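Student: After the structure tokens below, expect a handful of questions from me.
Each reported figure results from applying straightforward, stated rules to the coordinates on display, with no laboratory input. Because the structure is predicted, anything quoted here is derived from the model rather than measured. All Cβ positions, glycine included, derive from the backbone under ideal geometry; neighbour counts span all protein chains shown.
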Amino acid sequence: MLPHLTLKRILELDQRLDDWGDQPLWRHLAALALIVLVAVVRWHHCVLASEPLIDEATYLAAFRAMERGQSSYEVVSFHYTPLFAWAGGKLLARVGELGMLAIIRCASLVGLALAVWCSSAWLSVSWPRRIGVALGFVALAPSVSAGLCTGNISFAVIGLILLALIHWQRRSIFTGALPSGVALGATVAAKPLAPLALVALFCHRPAEPDSPGAGGLRDSRHLLAGLVGGLTAAALLLPMVSRLAGMSEQPIHRLSYARSFSLQRILSLAGVEVGALAIVITGALILAVLLRFLTLDRSQLLAVAVTASVLTTPIIWNHTLVLTLPVQVMALVVALQRRRSAPAGVSGRRPYELALVVLGALAIQFSEGFGAVDELSRAAQLTFLSVPYFAPALLAAYVLVATGLIRGRQKPAEAGRGRSKPLEAGQARRKR
């Protein structure tokens, strides 16, 4: 048996997350409203377009097929669950095409705002600067343009996933674990972008309680969230189990040769054809085994969950990788903190460390360019596509290792000694 691996929270990522979450609700709502407003103004030519965007046209075609009693998978580029097609068909019949487009776009805008604002939680900056960073990302990021200008629903799903992975550990299970589980289950039932997030929650080994009385149900909130999420997804999908066969029977080449940078396409370029379901199941098993040997806090668990989810997704576009935005932010925060607190003897290496993290984040943000290599040789495609595919995994691994991946269980006294002096000084300033 391998020794247990414990993660020492040197940089206290969870403390930043808690400080962000403890702010008054009106501040969060105001920030979300500002992000939505800037997104509408900046990308008005897409958000306010009168005609369906490319992915919206696919959705509408699938919705109409479902309403006619046909299979939504007759629409070649529709890779979503039958529940999404059924619900969309019902809504389309009630509100019409313009109403349906308004619903899709509003959901995407709110989801984008949630994803960006949740990702800003780990920034150690003032509230106005945090808002400024979020607005700058929405206005300039290629991934935002890719999502809003194709009309994809990824942002709506990603926003819910990140919100759930942040709030599942709230003190009351009625405002934390239960709604988080329901939200994750609903996203899996609509667009299965993060089924491995449920696996991560269920297999999570939380750190030992800080106080003797902190046990019981509160220490099982991750199990409750994972269980509720699985039951929610099952309850929503079981009535459509007969239609799910159509989703699983889509030809492999439909996904393998889609212009994306998923593992399925990478394996296909290497001459190995693997179905999407086989990749998800294999990834879930690997994740479950890995998490049995890791003790993670909430931030580290989120980094692992979203990275594993992206790595096993059958089709990955630029906007899909917005799910890893918290990992990119955490990696940048950790690199900056390590550079500032580095001893004199090793400070010369830290600029290169920060530069590599920045390059990894840029590879993710500009990943659309890596996907446009269809005319190159298989070897060249394999090389280019591997860069944005593995970048989130490398950044997540960096976060885990840099925050103190060590062997053996850590005693409370040792944990206290492991904290960095800059962090202690910052906490002392906050207390004063």
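Student: Hey, could you get me the Stokes-Einstein D for the range 253-331, Kirkwood radius over alpha-carbon pairs, 20 °C and 1.002 mPa s, rounded to whole µm² s⁻¹?
Tutor: On the way: Rh = 13.5 Å.
The calculation lands on 158 µm²/s.
Student: Quick one: give the max-minus-min coordinate of the C-alpha atoms of the range 93-175 along each principal axis, largest first, in Å.
Tutor: Extents along the principal axes, in whole Å: 45, 36, 17.
Student: Same structure, new question: Roughly speaking, what % of Cα-Cα pairs in the range 1-150 are separated by over 20 Å, rounded to a whole number? Don't skip to the answer; put the middle values down first.
Tutor: Numbers: 6682 of 11175 pairs.
The answer is 60 percent, as a whole percent.
Student: With a cut-off of 8 Å between alpha carbons and a minimum separation of six or more residues, what is the relative contact order of the range 56-131 in percent? Can you show the working numbers first?
Tutor: Numbers: 48 pairs, mean separation 17.5, N = 76.
Normalised by residue count, the contact order of the range 56-131 is 23 percent.
Student: Measuring from label point to label point, each 7 Å out along Cα→Cβ, what is the V358 to L285 span in nm?
Tutor: Inter-label distance under the simple model: 4.3 nm.
Student: Also, I was wondering about something else. What ranking of E97, E56, E353 emerges when the number of other C-beta atoms within 10 Å of each C-beta is taken as an exposure proxy, fewest first?
Tutor: The fewest-first ordering by Cβ neighbours comes to E97, E353, E56.
Student: Take K90, K191 and order them by how many other Cβ atoms sit within 10 Å, fewest up front.
Tutor: Values: K90 13, K191 21.
The most exposed by this proxy come first: K90, K191.
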